[in-house]
Every structure is written in structure tokens, then in C-alpha cells.
Amino acid sequence: MRPNVDALFCLSCGVEPAEPLRRTASLRCHDCREAGAPISFELALRARDICRAQATHAFEGAVSDRRPAA
Ligand SMILES: [Zn+2]
């Protein structure tokens, strides 16, 4: 299953990162990396919540797709 790349955002400023950074799942955008901007605690919590929701959704989907053993 492909990750939902639309949920990616810079953990420092919150903007959507450029495509190369999205592909490598970079935590910060180019500007913030260059500036050495710190990661925002608030945005990190938001990212964690999104990751958890996606993982839960993927897990429930995988479980419901399974057939019980005969
Ligand atoms: Zn940024």
C-alpha cells in the first residue's frame, strides 16, 4: 500500500515540501533545512496523529480482508 503523501508537511513551518523531499519523507522543507529551523512540537504531534490514524486504518483494512482459517 502506498503511503498517503498528501499528509506530508514540513515539521518546522507546516508548508507542503517539494516533490523530491516528499519522496524521501524529509522532515523539513528546503528553507527550514537551510535555516536550521527547529522542528515544531505542535506540528510533530499533528504528524504523529496523522500517522497513527493511517496505521490504524491500514491495520483494520488488512484484518477485515483476511478470511478466517477453515
Ligand atoms: Zn519548512
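FYI, it's all coordinate maths here, none of it is from the lab. Because the structure is a prediction, the values reported are computed rather than measured. Neighbour counts run over all protein chains shown; Cβ positions are idealised from the backbone, glycine included.
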**Q.** Cβ crowding within 10 Å averaged over residues, with 22-31, 45-54 ranked highest first
**A.** 22-31, 45-54
**Q.** Mean residue ellipticity (222 nm) of the chain, computed from DSSP H runs ≥ 4 via -39,500 (n - 2.57), nearest 500
**A.** -16000 deg cm²/dmol
Q.
Tell me the angle of helix 41-65 to the major Cα principal axis of the chain, expressed in degrees between 0 and 90 and rounded to the nearest ten.
A. 20
Q. Do you know the relative contact order of the range 5-66, to the nearest whole percent, from alpha carbon pairs under 8 angstrom that are 6+ apart?
A. 30
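Using r as the Cβ-Cβ distance of C51 and R23, and R0 as 22 Å, what FRET efficiency do you calculate, to the nearest 0.05?
Step by step, r from the Cβ atoms, then E = 0.80.
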Q | Distribution of pairwise C-alpha distances over the range 5-66, 10 Å bins, in % | A | 23, 43, 22, 10, 2
